[in-house]
Amino acid sequence: MALHSDQGTNFNSTFFTEFCKLLGILKTRTTALHCESDSKVERFNRTILNHLSLFVSKNQSDWDTHLPLFLLGYRSADLEMTGFTPADMLFGRTLRLPCDIPFGRPSDTPSSPNEYLNNLEARLESVHAFARE
């Protein structure tokens, strides 16, 4: 397992270094003033902060109570770049949400486990190929 972090003091402390050694984690760092390797993480962090700032209280002490609901919404929303949800990309299907109970969803229940696996493999290959393009 590997952990790639910036050069923040919390990631460079003796404690954290020893902790990674204990768990067998290879720790790598970004180059100073070259945050290109952090761009996806930084972009996602900015997205989280922008959305959470709409809901947290003025003293910002309750952000952690809003995070799970934000992540549920993020994982079930189509991303502009791919047109797929993160759940589609990871699981090969959309998430089943509580609102599906009263409103229902189209049934896509396969007739056998083999049919399910074949459908899942085909969906994942298709979605991943599209995302790579």
Here the FRET efficiency for residue 97 versus residue 67, based on Cβ atoms and R0 = 25 Å and rounded to 0.05, is 0.90
Of the candidates 55, 16, 70, which one comes out as most mobile in a Gaussian network treatment of the chain with C-alpha springs shorter than 10 Å?
16
Given the DSSP H assignment, sum -39500 (n - 2.57) over each helix run of at least 4 residues in the chain and divide by its residue total; what's the result at 222 nm in deg cm²/dmol, nearest 500?
-15500 deg cm²/dmol
Which residue fluctuates most in the GNM of the chain (Cα springs below 10 Å): 42, 80, 18?
18
Percent carbon-and-sulfur accessible area, segment 83-132, ignoring ligands, DNA and RNA, probe 1.4 Å
62
Ignoring ligands, DNA and RNA, what accessible area per residue does the chain give at 1.4 Å, in Å²?
80
Rounded to a whole number of µm²/s, how large is the Stokes-Einstein D of segment 83-132 at 10 °C and 1.306 mPa s, given Rh as the Kirkwood radius over C-alpha pairs?
132
Projected area averaged over all directions for the convex hull of the alpha carbon atoms of the chain, nm², comes out at 12.8
For the Cα atoms of the chain, what angle does the longest principal axis make with the long axis of helix 39-52, in degrees from 0 to 90, nearest 10?
80
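The values are calculated or read from the model by the stated rules, or taken from the named source; none is laboratory data. Since we're looking at a predicted model, the values are computed, not measured. Counting neighbours? That spans all protein chains shown, and the Cβs are built from the backbone with ideal geometry, glycine included. Keep in mind that these areas ignore ligands, DNA and RNA; they rest on the heavy atoms of the full protein, side chains included. Shrake-Rupley method; radii C 1.70, N 1.55, O 1.52, S 1.80 Å.
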